[in-house]
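S.K.: Please find one structure pasted underneath; my questions will follow.
None of the figures in this text is laboratory data; all of them are computed from the coordinates on show. Since this is a predicted model, take the numbers as computed values, not measurements. Because the Cβ atoms are built from the backbone with ideal geometry, glycine has one as well, and the counts that use them run over all protein chains shown.
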Amino acid sequence: MRSNIFCIFHTLSSFTTRSRLNTRFPARTPLALKSSMPSIPFFGSFFGSSASNNMASTSYPDQRTPDEWRAVLSKEQFRILREKGTEPPGSGAYDKHYPKDGVYTCAGCNAPLYKASHKFSSGCGWPAYFDSIPGAVIRHEDRAFGMVRTEIVCSNCGGHLGHVFKGEGFPTPTDERHCVNSVSLKFTEDEQGAKKEDEGK
Ligand SMILES: [Zn+2]
């Protein structure tokens with residue numbers, strides 16, 4: 001039951017995130033102001049969401065631009081992976097997905113992130129993992145909305161995965177819950193194939 005408090009908390013903040021992102025500054029910039037902004041990339045990241053600030057300040061091996069990501073991701077994948085959105089609870093393809101073997105890769109860049117053996121049932125409405133493949137996930141402090149949470153992103157492309165919560169009392173080896181959006185993930189049973197694809201980049 002304790003974890004349900006976190007789940008509800010997460011859900012509320014997710015919807016706030018969405019409405020906040022819909023009113024991002026660049027979309028409302030008057031044309032006259034835009035023409036006086038020679039350094040648009042800087043200006044854009046300064047006034048954009050905290051999401052874009054974070055991504056700009058960390059260097060990831062996969063350095064695709066927002067336009068390049070838009071070309072390869074669906075609208076929903078872009079909203080979640082690149083703008084730190086959240087899928088509605090209980091809606092994801094991998095929420096109740098418990099394969100025996102296989103690997104979950106980043107839906108953006110295909111880097112292997114989680115093994116099937118890391119997954120557990122949290123009852124939260126999002127896929128839950130107690131650990132990741134070593135080095136696959138990077139943690140950032142997320143101070144949005146007046147609270148401190150730990151955001152997790154793909155270490156290869158910086159794509160937003162979700163948040164990690166600690167000490168909730170789940171009977172797992174780490175007592176951590178990586179709460180990940182299904183939209184941020186792809187599943188493959190071929191663990192070796194996923195690794196090779198990643199190494200070939
Ligand atoms: Zn990635």
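S.K.: Looking at Asp142, Asp190, can you tell me which residue is touching a residue at least 12 places away in the same chain (Cβ under 8 Å), touching a Ser or Thr at 6+ places or on another chain (Cβ under 9 Å) and not aliphatic (A, V, I, L, M)?
M.R.: None of the other options fit; the residue is Asp142.
S.K.: Here are some conditions: (1) within 12 Å of the ligand (Cβ to nearest atom); (2) crowded, with 23+ Cβ neighbours inside 10 Å; (3) in a loop (DSSP other than H, G, I, E, B). Tyr104 meets all but one. Which one does it not meet?
M.R.: Status for Tyr104: all satisfied but (3).
S.K.: Does His140 satisfy the criteria of being more than 13 Å from the ligand (Cβ to nearest atom), surrounded by fewer than 20 Cβ atoms within 10 Å (Cβ to Cβ), under 28 Å from Lys75 (Cβ atoms) and not aliphatic (A, V, I, L, M)?
M.R.: Taking the combined requirement at face value, the residue satisfies it.
S.K.: Check His140, His163 and return the single one that is in a strand (DSSP E or B), in contact with a Lys or Arg (Cβ under 6 Å, 6 or more places away or on another chain) and closer than 19 Å to Glu83 by Cβ.
M.R.: None of the other options fit; the residue is His163.
S.K.: With the requirement that a residue be within 15 Å of Leu81 (Cβ to Cβ) and more than 10 Å from the ligand (Cβ to nearest atom), what does the range 143-158 give you?
M.R.: Glu151, Ile152
S.K.: Right, another one. Go through (1) under 25 Å from Lys75 (Cβ atoms); (2) within 13 Å of the chain's Cα centre (by Cα); (3) part of a strand (DSSP E or B); (4) of a type in the set (A, V, I, L, M, F, W, C) one by one and return the number of the condition Val183 breaks.
M.R.: (3)
S.K.: Restricting attention to the range 107-137, and to residues there that are in contact (Cβ under 8 Å) with a residue 60 or more places away in the chain and in a strand (DSSP E or B), which single residue is farthest from Thr174 (Cα to Cα)?
M.R.: My answer is Pro112.
S.K.: Further question on the same structure: Give the residues of the range 159-189 that are under 19 Å from Gly102 (Cα atoms) and within 16 Å of the ligand (Cβ to nearest atom), sorted by residue number.
M.R.: Leu161, His178, Val180, Asn181, Ser182, Val183, Ser184, Leu185, Lys186, Phe187, Thr188
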